[in-house]
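Since the structure comes first, as structure tokens, the remarks are kept for the end.
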């Protein structure tokens, strides 16, 4: 496969991820409406536009780096990045399925609800955010867009640090999160 061909293929993969994200936003909007109708409260609305901008910029930057900076396709790196991307996507969809209607791209809490502690939450407290971090590194590295991986990986980690703090505070304030996930434990209390 020529370098030009691999760039087109990489752009097609990124485009598929964009379509996937648009589907997820549609699902999130549907869930958000249902949650708000049931009395859900939102936290962290001020950082949400930054998340949208970051993720949009990331999906633009990766193919631009490949095309404009002539990043080569390195087969062993592509295989490793593809495996990480598939695993992260599987983790994210496992999380979405486990959360069901509670999954949104915003921080919405149903007052008085019990936290979800099964599925991937048995293994890690924030599986969706772990998946997003891995995807942010893996997707650009499919075609050695290392600059995008580093810059957006770091920016995403910083934003997720804020997001997780906001989300955990909201869950502690509105749900039984504190009892299910004591601050010192990474796994649900048994």
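The values are calculated or read from the model by the stated rules, or taken from the named source; none is laboratory data. None of these values were measured; they are calculated from a predicted model. Cβ placement follows ideal geometry from the backbone for every residue including glycine, while neighbour counts extend to all protein chains displayed.
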Residue within region 164-185 that is within 13 Å of the chain's Cα centre (by Cα) and buried (at least 17 other Cβ atoms within 10 Å of the Cβ) present: no
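So that you can scan it fast, the table gives a plain yes or no per residue for (1) surrounded by 13 or more Cβ atoms within 10 Å (Cβ to Cβ); (2) more than 24 Å from residue 176 (Cα to Cα):
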site: 49; (1), (2): no, yes
site: 52; (1), (2): no, yes
site: 63; (1), (2): yes, yes
site: 77; (1), (2): yes, yes
site: 101; (1), (2): yes, no
site: 113; (1), (2): yes, no
Given (1) surrounded by fewer than 15 Cβ atoms within 10 Å (Cβ to Cβ); (2) on the phi < 0 side of the Ramachandran plot; (3) part of a helix (DSSP H, G or I), index of the condition residue 152 fails: (1)
Among (1) over 16 Å from residue 133 (Cβ atoms); (2) at pLDDT 95 or above; (3) within 22 Å of the chain's Cα centre (by Cα) - the single one residue 95 does not satisfy: (1)
Cβ pairs under 9 Å, 6+ apart, first in region 172-188 and part of a loop (DSSP other than H, G, I, E, B), second at pLDDT below 60 and exposed (fewer than 12 other Cβ atoms within 10 Å of the Cβ): 181/189; 182/189
Qualifying residue in region 25-35 (condition: surrounded by 18 or more Cβ atoms within 10 Å (Cβ to Cβ), closer than 21 Å to residue 168 by Cβ, at pLDDT 95 or above and touching a helix residue (DSSP H, G or I) at 6+ places or on another chain (Cβ under 6 Å)): yes
Selection from region 84-99 of residues that are surrounded by fewer than 20 Cβ atoms within 10 Å (Cβ to Cβ) and within 19 Å of residue 168 (Cβ to Cβ): 98, 99
Residue among 49, 72 that alone is modelled with pLDDT of 95 or more and not in a helix (DSSP H, G or I): 72
